[in-house]
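Below: the structure, in structure tokens.
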Amino acid sequence: MVRCNYCGAFYQWPRLSWDELKNYYTETYDSYASALQDEPRLIRRLVRRVYPFKMRQFVEQFCKSGRLLDVGCGSGIFLEEMQRTGKWDLQGIEPTVEVASYVRRRFGIPVIEQTLEKADLPPSYFDVVTLWNVFEHVELPLLTLQKIYCTLKPDRYLILSVPNYESLSRHFFGKYWCGWDLPRHLFVIPRATLIWMLEQAGFRTITSRCFLISYAVFGHSLEFWQQDWPESAKPLTSLLRRLYYSPIGRLGSYPFQVLTEHFGLSSVKTWVFQKVRQEE
């Protein structure tokens, strides 16, 4: 990762082409998770629903119904949650063909099999555009924002969650912080730069909040860090991993997760921006 002297964003250099990058989005990646209705275990189904339920609650603080576009929708976990309410006209964008087909087949929701930069979107059409942990994957961030601006109705909302460069885990783990996640993450954007970029694209900042579950994200950083431990430390690595993901580890880390989210220091931060009318 190198840093732009002009705007302060970190970006991957050199960058892989999409034909190369798509090899890193395998069936073990989160985009391939099955629909909640297809989860056979009740407890697991309830746990998995917490994440999209909190996302829906957050969105509906700003807009209760309307047309919603989910960019990088993956296998449709968020769209599935929004569909439950019956209040939304939904559409997705997902460049991975098999996953996009799954969403259309499973939920009957139209999905564009393309990146946002190349997608043909109607002007002033959507009430909400969401990018959940997607913006850091886009090839041209400013162009992406400009396209979103054009397809949103006036005064409507862009909601995006991104790796939080100001997070406590980034300071602690350094180069092992999972927010870097090379080569999938093409950009990591500090707070001031993100706000500047959105203003350049015609948005105003409404709010930001850390509320998405950061337990697993912190665990990924821990695993990246442990990969560089010497072979002699492998037994300790295995023990720490089992402890962290055990019920005791989850319970013990909960107060830490709550505090980091409260103070805006967890690994993922969600932002809300509003399209500014051009006459303003």
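The values are calculated or read from the model by the stated rules, or taken from the named source; none is laboratory data. Quantities reported herein were computed from a predicted structural model and do not represent experimental measurements. Backbone-built Cβ (ideal geometry, glycine too); neighbour counts: all protein chains shown. For the accessible areas, the whole protein counts, side chains as well, though only heavy atoms, and no ligand, DNA or RNA atoms are used. Shrake-Rupley method; radii C 1.70, N 1.55, O 1.52, S 1.80 Å.
So the values come out like this:
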quantity	calculated
Using distinct alpha-carbon pairs, which all enter the 1/r mean, Kirkwood radius of the stretch 129-280 in Å	16.9
Within straight-line cross-link reach of Lys234, lysines at Cα separation under 27 Å, skipping those fewer than 8 residues along the same chain	Lys175
Paramagnetic label zone (point 7 Å from Cα along Cα-to-C-beta, Trp18; backbone N under 17 Å) in the stretch 149-190	184-187
Cβ-derived FRET efficiency at R0 35 Å, Phe53 paired with Leu239, nearest 0.05	0.55
Ordering of 234-247, 252-265, 133-146, 192-205 by burial proxy (mean other Cβ atoms within 10 Å per residue, highest first)	133-146, 192-205, 252-265, 234-247
Helical mean residue ellipticity (222 nm; -39500 (n - 2.57) per DSSP H run of 4+; nearest 500) of the chain	-12000 deg cm²/dmol
Crossing angle, helix 247-262 versus the chain [Cα axis fit, 0-90 degrees, rounded to tens]	50
Phi to ³J(HN,Hα) by Karplus 6.51 cos²θ - 1.76 cosθ + 1.60 over the stretch 144-149, Hz, x for Gly, Pro	4, 5, 5, 5, 5, 4
Whole-percent carbon and sulfur share, accessible surface of the chain, 1.4 Å	56
Lysines with Cα under 29 Å of Lys147, excluding same-chain neighbours fewer than 8 positions away	Lys22, Lys54, Lys64, Lys87, Lys118, Lys269, Lys275
Nonlocal amide H pairs with Trp132, under 5 Å, H built at 1.01 Å	Val71, Ser161
The chain, accessible area per residue, ligands and nucleic acids excluded (1.4 Å, Å²)	51
Span from the the stretch 225-254 Cα centroid across to the the stretch 106-178 one, whole angstrom	33
Cα long-axis angle, helix 234-244 against the chain (0 to 90 degrees, to the nearest 10)	50
Between helix 97-107 and the chain: long-axis angle, C-alpha atoms, 0 to 90°, nearest 10	70
Per-residue HN-Hα couplings for the stretch 48-59 [Karplus 6.51, -1.76, 1.60; θ = phi - 60°; Hz; x = Gly/Pro]	5, 6, 4, 4, x, 5, 5, 5, 5, 4, 5, 4
Calculated over the stretch 198-274: convex hull of Cα atoms, volume per residue (Å³)	98
Rule-of-thumb Rg ratio for the stretch 95-193 [Cα; 2.2 N^0.38 Å; N residues]	1.23
From the coordinates shown, Cα extents along the principal axes in Å corresponds to which of (1) 54, 46, 39; (2) 62, 50, 39; (3) 62, 51, 35	(2)
